[in-house]
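Step one of this worksheet: look at the structure below.
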Amino acid sequence: MLNIRFDRRLFTFSTLSQPDPFALVASELSRIRTDLVHLLGSAHPGLDEIASYYFLRPSKQLRPLIILLFAQATNGLGRDWPLKKWASEQARPGGRAENLDEPLSRANVLNDWNPNLKDKTSFYDPLLSLSLPQTPSKLPQPPLSTFDSSERTLISPAFVLPTQMRLAQIVEMVHAASLLHDDVIDESPLRRGSLSAPEAFGNKFAVLGGNFILGRASAALARLGDPEVTQLIASVIANLVEGEILQMQDVESPDGQAVPSSQVAKSAWTLYLQKTYMKTASLMAKGARSAVVLGGCADGEVYKEIAYAYGRNIGIAFQLVDDVLDYEAVEDTLGKPGGADLQLGLATGPALYAWEEHPEMGPLIERKFSQAGDVELARSLVKKSAGVERTRALAVAYATQAREVLQSLPEGEARAALEALTDRVIKRKS
């Protein structure tokens with residue numbers, strides 16, 4: 001268990017005027033949403049509709065925001081920045097924006113028709129004639145000047161590379177796919193204030209829609225042309241699955257042995273934070289790190305580590321606040337049913353802290369609030385405890401760590417926006 005006590009002094013984030021993180025990259029975020037739907041066109045109208053369903057409704061866009069801000073906060077600093085900048089201006093895979101949709105295999109091999117990309121995709125053809133492929137044209141090679149070892153500085157004015165923009169779209173696609181699957185598993189009736197996809201289209205289409213989005217995201221990821229980024233984002237997809245399985249795991253004594261309740265509670269906390277990283281923070285952390293990699297930061301440079309640590313900490317803080325809001329907020333504010341966690345048998349931070357103060361919470365958690373009256377009793381115990389306040393204090397502690405790791409970045413608008421974002425995550429009401 002985590003020994004962080006509620007103290008109002010922990011809530012002393014700056015009340016001075018802070019930059020609006022979203023305003024700094026508003027035009028990029030708008031383009032991400034528009035172009036993202038463009039990537040999801042399908043030969044099947046029903047699949048087309050469900051794949052774009054969550055993208056056409058208001059979302060926080062927190063994950064692409066973090067990617068865009070880290071791109072602006074670090075572009076120019078990495079050893080390989082000149083090479084990445086040169087590549088972004090070339091007509092080659094992983095280069096200019098218009099080349100990021102170029103297939104790496106022939107369209108009639110991929111057979112992945114997208115009506116929005118008619119010149120780059122193809123329907124399945126029952127007849128296949130064997131033909132010799134054309135000799136690929138020789139790709140342009142970078143000039144020697146791109147490998148100079150002069151001191152790197154943050155570029156001004158700040159801008160985002162096409163590959164970083166596409167990464168932001170990919171990360172949002174992975175997130176949306178996970179929501180489609182989560183809403184099936186959790187039988188959630190609402191998402192973002194509207195019917196959830198399973199309610200609107202049925203479970204089968206929701207699962208297939210999520211799989212389809214992951215397929216399109218994976219293809220777009222390959223076209224970025226960076227093996228490290230491919231590995232990072234692919235591991236996120238595995239983390240999401242592992243996190244869901246962890247969430248289903250029972251909190252119980254190891255091997256059925258009689259052990260002190262404190263040891264069981266400690267195990268429950270470990271499970272909870274691990275699940276929180278897997279399901280929420282992993283995508284933010286690895287997305288931020290990927291943005292910095294695409295900007296030319298190499299092994300041995302601190303910027304990749306800063307990006308990962310920031311995303312990990314702010315991601316955990318975000319989820320802890322979400323777990324607090326499940327006890328505090330009403331349905332109209334959340335855009336989804338309030339009080340859902342206990343109904344789903346989930347013991348989040350407030351319940352785990354309440355267990356420390358009220359031992360009778362332990363049996364409820366171990367049986368996942370499955371008996372009549374368990375949910376009501378658990379909610380009452382949380383209300384009588386400092387569980388909600390202590391969970392919020394824990395979120396502040398993680399957000400503070402996220403803010404602190406930014407101090408090694410050069411000062412600038414993007415860094416200031418990342419700092420302000422930690423405050424917004426803590427103070428959000430939905």
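Suppose R0 equals 51 Å; then what is the FRET efficiency for residue 328 and residue 108 from their Cβ-Cβ distance, rounded to the nearest 0.05? Please report the intermediate quantities before stating the final value.
On the way: r = 55 Å, r/R0 = 1.07.
Taking R0 as 51 Å, the efficiency between residue 328 and residue 108 is 0.40.
My understanding is that a pair violates if its Cα-Cα distance is over 26 Å; which of 266/304; 279/384; 85/286; 60/279; 60/85 do that in this structure? Intermediate results must be reported in sequence, preceding the final value.
On the way: 266/304 31 Å; 279/384 29 Å; 85/286 22 Å; 60/279 17 Å; 60/85 29 Å.
From 266/304; 279/384; 85/286; 60/279; 60/85, over 26 Å: 266/304; 279/384; 60/85.
Cα axis of helix 162-185 to longest principal axis of the chain: angle in degrees, 0 to 90, nearest 10?
40 degrees
Relative to the longest principal Cα axis of the chain, at what angle does helix 261-276 sit, 0 to 90 degrees, rounded to 10?
20 degrees
Please name whichever of 173, 141, 212 sits farthest to the positive end of the charge dipole of segment 90-246, dipole taken about the Cα centre and charges placed at Cβ: Lys and Arg +1, Asp and Glu -1.
Among 173, 141, 212, the one farthest towards the positive end of the dipole of segment 90-246 is 141.
Working from Cα positions, state the angle (0 to 90°, nearest 10) between the long axis of helix 282-294 and the longest principal axis of the chain.
Roughly 30 degrees, rounded to the nearest 10.
Taking all protein chains in place and a 1.4 Å probe, what share, in percent, of the accessible surface of segment 303-421 do carbon and sulfur account for? All intermediate terms of the calculation are to be shown ahead of the outcome.
Values: 2080 of 4460 Å².
Carbon and sulfur together cover 47 percent of it.
Could you tell me the calculated FRET efficiency between residue 344 and residue 376, based on Cβ-Cβ distance and R0 = 25 angstrom, to the nearest 0.05?
On the way: r = 15 Å, r/R0 = 0.61.
E(calc), rounded to 0.05, equals 0.95.
May I ask for the net charge around residue 202, where only other residues with Cβ less than 15 Å from the Cβ of residue 202 are counted and Lys, Arg are +1 while Asp, Glu are -1? Spell out each step's value before the answer.
Numbers: positive: 191, 204; negative: 49, 183, 187, 199.
Taking every Cβ under 15 Å from that of residue 202, the sum is -2.
State to the nearest 20 debye the size of the charge dipole of the chain about its Cα centre, where the only charges are +1 on K and R beta carbons and -1 on D and E beta carbons.
On the way: 45 positive and 51 negative charges, 154 e Å.
About 740 debye.
Run the simple label-point estimate for residue 404 and residue 430 please: 7 Å along Cα→C-beta, distance reported in nm.
3.4 nm
Using the crude model of +1 on Lys and Arg Cβ and -1 on Asp and Glu Cβ, and no other charge, please compute the dipole size for segment 61-212 relative to its Cα centre, in debye to 20. List each step's numbers first, then the result.
On the way: 15 positive and 16 negative charges, 90 e Å.
I would put it at about 440 debye.
I want to check the label-to-label distance for residue 79 and residue 151. Put each point 7 Å from Cα in the C-beta direction and report it in nm to one decimal.
My value for the distance between the label points is 1.9 nm.
Given the -39500 (n - 2.57) contribution per DSSP H run of 4+ residues, what per-residue ellipticity at 222 nm results for the chain, rounded to the nearest 500 deg cm²/dmol?
Numbers: 20 runs with 243 residues, N = 430.
Roughly -17500 deg cm²/dmol at 222 nm, from the helical runs in the chain.
The values are calculated or read from the model by the stated rules, or taken from the named source; none is laboratory data. Source: prediction; values computed, not measured. A quick note on method: Cβ atoms are made from the backbone with ideal geometry, for glycine too, and the neighbour counts reach across all protein chains shown. Heads up: the accessible areas ignore ligands, DNA and RNA and are worked out on the full protein's heavy atoms, side chains in. Shrake-Rupley method; radii C 1.70, N 1.55, O 1.52, S 1.80 Å.
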